[in-house]
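Okay, so here's the structure we're looking at.
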Amino acid sequence: MDAPMGDGTRWVTIAPEGSQTAFTLGTRERDADEFKIGNSGVIMEVESVEETHAALSGKGVEFTMAPEEMPWGGWAMFKDSEGNVHGLHSPVREAVGNA
């Protein structure tokens, strides 16, 4: 996947063929608040950000950004036990009524 994210940022996801693991490489504005010290830059791809948020919140995980539907899919951000902030992403949901 190669997706422009606006304002000069870009999100490129790569994976070996047939692999369940992928890496997302991104460019971003140097001064964007969400990417200041403490943000790991690690993004975990999940089937549903909402379901993963509910499961992790139930285990006491602190979210710095609640789930939201963005043009590029579901998005949320959470802290690990060391205070590093990671992203959760899920694919764009199909609109109701689209086949």
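Selection of first residues in region 1-26 that are among the basic types (K, R) and of second residues that are in a strand (DSSP E or B), restricted to Cβ pairs under 7 Å at least 6 apart or on distinct chains, gives the following pairs, ordered by first then second residue: R10/P4; R10/G26; R10/T27.
Against the conditions (1) modelled with pLDDT of 95 or more; (2) acidic (D, E); (3) surrounded by fewer than 15 Cβ atoms within 10 Å (Cβ to Cβ), E94 satisfies every one except (1).
Scanning region 5-19 finds no residues that are at pLDDT below 75 and basic (K, R).
The values are calculated or read from the model by the stated rules, or taken from the named source; none is laboratory data. This is a predicted model, so every value here is computed, not measured. Counting neighbours? That spans all protein chains shown, and the Cβs are built from the backbone with ideal geometry, glycine included.
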